[in-house]
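Take a look at the structure set out below.
Every number here is computed from the coordinates shown, using simple stated rules; none is lab data. Bear in mind that the values here come from a model prediction, so they are computed numbers and not experimental data. In this analysis, Cβ positions are derived from the backbone assuming ideal geometry, glycine residues included, and neighbour counts consider all displayed protein chains.
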DNA sequence: GGTATTTTATGCGAGACAGTATAAAAAACA
DNA sequence: TGTTTTTTATACTGTCTCGCATAAAATACC
């Protein structure tokens, strides 16, 4: 990890690709098409690397998939952590999380793709225990993140003191899951927005000032 | 459809398979492995039919998939209609629906498979408009079913008169979705049960008589 | 400039895959 | 018994797919 200083002159022919960018492209490809439907030629075309380079850099197809999926999770973490850390009423933080998720799931060069974890990897998870383990971790982490959020909100008096943060968290995760699925089948943005409104008011109670939208 | 009376003696060599059973086996296979990861040899082994018979009976791989998925939806309809038609408090009907879904998603000869619609078909939906259309229909139907259920419950005074049946329905569908995904990654039954409890009390309010379980 | 080292480029080979051709089998009909 | 009809059984074809072998290219070191 630390071994490669940016100044180090490597000995042989220089790489014609940026490993990080190439892996991001591979991620896009798997995200869209899933494991089985993605061929090494697809990956080659997406990354601009030829097959031997792919192998040298990332290993076989399975290895590339796992690395791509890990990258997806890292990207999601980086994207959502600031929103979660932000202080503010749960209602608002929740809405921001759901809306960011919605945007992520609707994004994509060839149309909406949903969530790599929820739609694609979960599907492969039956066949491959390694992938299953990663998806289980991802979903557990999401549950825990939401639970912590609700616990803090209860402590701050934003929610009824007898609320169950774990129960709330599971419904919040369920919202993420349904957003992922609906985005994957090209649900229009306003359908997802209606869903977010429904979930937020179910989780935090109906908004007294009539649904103030941020932005 | 009506042409084949059960007494009709057909002319040539008799079939060695039952089309309905064979299609059910094909459904199981696609349900478990998805479209791309399922080979015609897999289907051949599962159904007991050889490749030419598969083609004669159902068409090419794509055709078999669509027919298998339609069969899945028909099966789900048949299984859930009686539960939905049943009279009783929404709270109880909802619980029964979620528990039946949970059982269905956890079932399978080789371990839990989740929901064909939600996990497998939704994943393929990006590549194939025909499949996407079917999944969209399936999810819309689910939303509408739940909405009707809540509308009736509001009319009967079981829920607050200012409840929004469509919003409630979307959260109920979200519960189905998260159950499907969690089952697919082998979540233990009691985790799913906890999720059902959380969702039901979120949708219908906390149970005053401490959570009476049916059966 | 020559050598060692690392990467790219091309393409090969074994196997998997989807779909089909051909022939054998099993029934009704005459 | 022989013919027709429908299905099964076997095997083939062309294509795709994965992974790797081999050679050329591009750099640092000497």
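Computed extension length for residue A:152-residue A:78: 24.5 nm, one decimal, from 0.36 nm per residue of separation with the Cα-Cα distance subtracted.
Listed peptides B:72-82, B:12-22 appear in the order B:72-82, B:12-22 once ranked by packing, highest mean of other Cβ atoms within 10 Å at the front. Sorted shortest first, the separations between the residue B:92 label point and its copies elsewhere in the assembly read 4.5 nm; each point sits 7 Å from Cα along the Cα-to-Cβ line. Mean per-residue shielding of peptide B:124-135 is 4, counting Cβ atoms of other chains within 10 Å of each Cβ.
Separation of region A:111-161 and region B:86-146, taken as the distance between their Cα centroids, equals 20 angstrom.
Here the spin labels are modelled as points 7 Å beyond Cα on the Cα-Cβ line, and at residue A:18 and residue A:207 they lie 3.8 nm apart. Using a 7 Å projection from Cα along Cα-to-Cβ, the label point at residue A:194 is separated from the same position in the remaining copies by 3.3 nm, smallest value first. The C-alpha atoms of chain B define a longest principal axis, and helix B:165-184 lies at about 50 degrees to it.
Springs between Cα atoms under 10 Å define the GNM used for chain A, and in it the highest mean-square fluctuation of A:199, A:160, A:100 occurs at A:160. Computed on chain B, with alpha-carbon pairs under 8 angstrom and 6+ residues apart, the relative contact order is 19 percent. Computed over Cα pairs, the Kirkwood radius of region B:46-153 leads via Stokes-Einstein (1.567 mPa s, 4 °C) to a diffusion coefficient of 82 µm² per second. Think of it as helices only: each DSSP H run of n ≥ 4 in the protein assembly as shown is worth -39500 (n - 2.57), and spread over all residues that comes to -21500 deg cm²/dmol at 222 nm. The convex hull drawn around the Cα atoms of the protein assembly as shown, when projected onto a plane and averaged over every direction, covers 26.6 nm².
Based on the Stokes-Einstein relation at 4 °C and a viscosity of 1.567 mPa s, and on the Kirkwood radius from alpha carbon pairs, chain B is assigned a translational diffusion coefficient of 68 µm²/s.
Round to a whole angstrom and tell me the spacing of the C-alpha centers of region B:17-52 and region A:46-64. Here the two parts' Cα centres lie 33 Å apart.
Per residue of peptide A:33-42, the mean number of Cβ atoms on other chains within 10 Å of the residue Cβ is 3. Between residue B:127 and residue A:136, the modelled label-to-label distance comes to 2.8 nm, taking each label 7 Å out from Cα in the direction of the beta carbon.
Using C-alpha pairs below 8 Å separated by at least 6 residues, the relative contact order for region B:33-113 is 13 percent. Distances between copies at residue A:205, taken between label points 7 Å from Cα along the C-beta direction, are 1.5 nm in increasing order.
By the Cα gyration tensor, region B:104-149 has an equivalent ellipsoid whose semi-axes, rounded to whole angstrom, run 21, 18, 5 from largest to smallest.
Report the residue, chosen from B:190, B:60, B:128, that carries the largest GNM mean-square fluctuation when chain B is represented by alpha-carbon nodes joined by springs under 10 Å. Residue with maximal mean-square fluctuation among B:190, B:60, B:128: B:190. Under a Gaussian network description of chain B, with springs only between Cα atoms under 10 Å, the residue in B:42, B:197, B:162 that fluctuates furthest is B:162. The angle separating the long axis of helix A:90-106 from the principal Cα axis of greatest extent in chain A is about 40 degrees.
One equal scatterer on each Cα of region A:94-185, no solvent, Debye formula: the resulting log10 I(q)/I(0) at q = 0.13, 0.20 Å⁻¹ is -0.50, -0.96.
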